[in-house]
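Presented below is the structure to which this report refers.
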Amino acid sequence: MAELIPTACTALPKRHDARGAPTTYWFFDDVVRIVAQCETGGRCEAPGAPIWEWTNGDGQSFPFAADANPYGELWPDLAGALGTDGPQALYATADSTLLHAIPRPPASGDGPVRIVSFDPEAGGAMNPKQPQEPAELTKAGVSAAVLTAACEVELSSTVVLFGHDGSAPVYWRWDLRLRTVSKPTALPEGVGPVTAAFLGYDRTRPGAPAEVPRRITRLYSRAREQAFVVTESGGGLTFAPCEAVPFLKPLDEHVLRDA
């Protein structure tokens, strides 16, 4: 049976879109699906799962039928900016309403990492108008050819860049505030290669009263989904496996059912 294989995904940094829905964005090559994600119980059946219809505080309902649209049709101002195959990575930051996409390297070979920042609720308007090429990534040896995914870290100025160092799956810790990039670090055993990642709206259930619920990060190796709590530890990151309801499988089943 066919499977949905995400190539890039992220959640809206301000949590709710103009309809009040907790919105996530999913690229499947150059095609985008917008899907709401359950945050907490009460408003939806299972925290972390996709939502097919969202009802806001005014009682208005909005369907999320997981319709697929080429990104240039969904966001006219972004047409062509992410290439013919769509981005290879996508991330958000808590202090901005923008999404940040990393286009694939040119077919002719490698190149520097390019960041295309755009507003998903303003027709894909780019801000700034031209892609940026962070010098610290080039200096650290992070190029478009070795990068495979990206994801922000909760309550932090850090973005995790996933990729490979030779044949080994690794990550780099990119501090946007300090403009520094760590050396490549091996991913925990059994994790990766990571081909897409997103920091969801759902949170862990504390095992003790003093524990703080943390947002759950889902990592994808093609169609395989793993859930973690990602936290900063010293100069690196800790990937702690956690329980979470599947997100991609229900989406996959819903899309195939309605196809």
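The values are calculated or read from the model by the stated rules, or taken from the named source; none is laboratory data. Predicted model, so just to flag it, every value in this text is computed and none were measured. With ideal geometry, Cβ positions are generated from the backbone for all residues, glycine too; neighbour counts draw on all protein chains shown. What goes into the accessible areas is simple: the full protein's heavy atoms, side chains included, and nothing from ligands, DNA or RNA. Shrake-Rupley method; radii C 1.70, N 1.55, O 1.52, S 1.80 Å.
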Q.
Being under 23 Å from residue 226 (Cβ atoms), out of contact with any helix residue (DSSP H, G or I) (no Cβ under 7 Å at 6 or more places or on another chain), of a type in the set (D, E, K, R) and open to solvent by less than 40 Å² (accessible area, probe 1.4 Å) is the requirement here; does residue 45 meet it?
A. no
Q. Could we say that residue 64 is of a type in the set (Phe, Trp, Tyr) and touching a Cys at 6+ places or on another chain (Cβ under 9 Å) here?
A. no
Q) Tell me, which strands (runs of 3 or more DSSP E) wholly within segment 140-259 include 1 or more residues that are at pLDDT 90 or above, among the β-branched types (Val, Ile, Thr) and open to solvent by less than 50 Å² (accessible area, probe 1.4 Å)? A) 147-152, 158-165, 168-175, 215-221, 224-233
Q) Limited to segment 110-131, what total is found for residues that are over 16 Å from residue 18 (Cβ atoms), open to solvent by 30 Å² or more (accessible area, probe 1.4 Å), part of a loop (DSSP other than H, G, I, E, B) and in contact (Cβ under 8 Å) with a residue 24 or more places away in the chain? A) 4
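Would segment 121-132 turn up any residue that is more than 20 Å from the chain's Cα centre (by Cα) and over 21 Å from residue 175 (Cα atoms)? Talk me through it step by step, then tell me what you get.
So in segment 121-132, the residues more than 20 Å from the chain's Cα centre (by Cα) come out as 128-130.
With over 21 Å from residue 175 (Cα atoms) added as a condition, the list becomes 129-130.
For segment 121-132, residues more than 20 Å from the chain's Cα centre (by Cα) and over 21 Å from residue 175 (Cα atoms): present.
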**Q.** Odd one out for residue 95 among (1) at pLDDT 90 or above; (2) of a type outside the set (Lys, Arg); (3) under 30 Å from residue 229 (Cα atoms)
**A.** (1)
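Only one residue in 63, 50, 87 is under 13 Å from residue 21 (Cβ atoms), open to solvent by less than 50 Å² (accessible area, probe 1.4 Å) and either more than 20 Å from the chain's Cα centre (by Cα) or in contact (Cβ under 8 Å) with a residue 12 or more places away in the chain (or both), so which one is that?
Details: 63 fails: open to solvent by less than 50 Å² (accessible area, probe 1.4 Å); 87 fails: under 13 Å from residue 21 (Cβ atoms).
Residue meeting the stated conditions: 50.
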